[in-house]
1. Find the relative contact order for the chain and round it to a whole percent, using C-alpha pairs within less than 8 Å whose residues are 6+ positions apart.
2. Given the rule -39500 (n - 2.57) for each run of at least 4 DSSP H residues, summed and divided by the residues of the chain, what is its mean residue ellipticity at 222 nm, to the nearest 500 deg cm²/dmol?
3. Just subtract the alpha-carbon distance of residue 86 and residue 69 from 0.36 nm times their residue separation and send over the number in nm, one decimal.
4. Any idea of the accessible area per residue across the chain, 1.4 Å probe, to the nearest Å²?
5. Which of these, 71, 17, 41, has the largest mean-square fluctuation under a Gaussian network model of the chain (Cα springs below 10 Å)?
6. Compute the length gained on full extension between residue 39 and residue 59: take 0.36 nm times their separation in residues and subtract their Cα-Cα distance, giving the result in nm to one decimal.
7. Select one label from (1) 32, 29, 24; (2) 50, 21, 21; (3) 45, 33, 19: the one whose number is Cα extents along the principal axes in Å as derived from the coordinates shown.
Amino acid sequence: MSTAGTPVDFYFEFSSPYGYIASQLADEMERRIGRPLRWRPMLLGPVFKLTGQAPLVEVPLKGEYSKRDFPRSARLPQVGYAPPGQFP
C-alpha cells in the first residue's frame, strides 16, 4: 500500500508556544515529506483534567525551564516569537 499523498495528522494546541512554533514550520514540513498535513486542532485543558496532569508551565522546575525554552525553540528555526504578558 502506498502512502504517497496520504495526509499526515498534525495535532496542535492553539495556546501552546510549541504548537505555534510547529505550525509556523508546517508548510516546509509538507514540502520536505511530500505529503499534506491534516490540521487537527485540540485543547490540552480537557486532556490535563482527564489525566490529572497540569500545564507544563505549572509543573515545578519544568515550568521555569519551559519559559526559557519557548524563545530558544523559536530562535533555531527562525520563527518570530514574543511571549504573552501573562501565560497561560
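The values are calculated or read from the model by the stated rules, or taken from the named source; none is laboratory data. Because the structure is predicted, anything quoted here is derived from the model rather than measured. What goes into the accessible areas is simple: the full protein's heavy atoms, side chains included, and nothing from ligands, DNA or RNA. Shrake-Rupley method; radii C 1.70, N 1.55, O 1.52, S 1.80 Å.
1. On the way: 73 pairs, mean separation 25.3, N = 88.
Computed over the chain, the figure is 29 percent.
2. On the way: 4 runs with 38 residues, N = 88.
About -12500 deg cm²/dmol.
3. 4.5 nm
4. Working: 6650 Å² over 88 residues.
Per residue, the chain has an accessible area of 76 Å².
5. Largest GNM mean-square fluctuation: 41.
6. Numbers: separation 20, 0.36 × 20 = 7.20 nm, distance 2.79 nm.
Gain on stretching residue 39 to residue 59: 4.4 nm.
7. Step by step, Cα extents along the principal axes in Å for this structure corresponds to label (3).
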